[in-house]
Amino acid sequence: MLRALRDWLGGRRRVPDAGRQALQAWCAQRQLGFEPGEGDGFMLRGRLGPTSWRLDWGRPQRLYVRGRGELLMRCDLRLAPELHLMVVDRMLQRSLERAVLDQIAGTDDGQVDPHMPPEMRWLVTFPRLDTQQAGWPDGFEAVASHPEWLLEWTNGPLEQALGAPPAQGHSPWLLTIGGGRLELRAGLDQTDPSQLAAWIAFFECAMREARRVQTETGDAGEPTTLPGMWAVPRDDDPDPRP
């Protein structure tokens with residue numbers, strides 16, 4: 001009793017054993033690797049064809065993720081390292097962009113903080129896609145070092161997935177490609193199997209479509225000729241988690 005109270009007061013309220021057991025049983029059915037994490041967090045491992053992916057859920061690692069938990073999914077697709085793409089829900093995009101510009105305005109040299117998360121720096125570094133002209137569902141923004149690559153990536157199943165749950169109406173979340181890797185971040189308080197299955201399906205759709213474009217183009221395409229507003233260091237490892 002005292003331990004449960006201490007965990008709750010410390011922000012480490014644990015998932016009930018019954019819920020954890022149900023989650024582990026679901027993972028076993030889907031042949032997903034399961035490992036417990038800090039507090040009530042956990043990690044899952046899965047595969048889509050020859051490519052493995054990892055899902056982490058736990059305390060938010062980004063300040064813009066509010067609530068009890070943050071979902072992080074990532075995989076290494078070995079894409080061209082110069083390829084930087086981001087699709088983000090509009091409310092989060094506006095909030096992050098405002099924070100970046102406020103930070104720059106408060107500095108003497110007008111430079112973006114190099115320690116700022118890469119997804120925030122990208123907002124003021126790469127051109128923004130005209131999502132309305134592209135015919136996207138409402139509520140999304142996108143930036144890209146290679147706009148044509150992004151448009152081809154989202155042309156088809158991924159565009160349909162953007163207009164359906166869990167992406168539609170769920171904030172905050174963002175999907176990025178950078179350093180050869182695909183990554184998804186989302187605020188997620190509930191970790192029941194149905195919620196996780198929906199996000200896994202969304203991420204795997206993004207994986208398949210990225211592989212398709214990579215196969216069709218053979219490279220990252222021609223980079224944009226538009227200069228970035230501020231110099232940004234290369235992101236060798238944009239993810240702070242191991």
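Each value in this text was obtained by applying a stated rule to the coordinates, not by laboratory testing. Computed from a prediction, not measured in an experiment: that's the story for all the values here. With ideal geometry, Cβ positions are generated from the backbone for all residues, glycine too; neighbour counts draw on all protein chains shown.
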Inset, instruction - Kindly state, to the nearest 0.05, the FRET efficiency for residue 76 paired with residue 164, given R0 = 30 Å and r defined as their beta-carbon distance. - result: 0.70
Inset, instruction - Highest first, please rank the peptides 57-68, 146-157 by the mean number of other Cβ atoms sitting within 10 Å of their residues. - result: 146-157, 57-68
Legend entry - Compactness relative to 2.2 N^0.38 Å, alpha carbon Rg of the range 41-217: 1.01
Legend entry - FRET efficiency, 1/(1 + (r/R0)^6) with R0 35 Å, evaluated for residue 208 and residue 95 via beta carbons: 0.70
Legend entry - Proxy reagent accessibility, fewest Cβ within 10 Å first, across 176, 215, 131: 215, 131, 176
Inset, instruction - Report ³J(HN,Hα) in whole Hz for each residue of the range 128-138, in order, from the Karplus equation J = 6.51 cos²θ - 1.76 cosθ + 1.60 where θ = phi - 60°; Gly and Pro get x. - result: 8, 7, 7, 5, 5, 5, 6, x, 6, x, 5
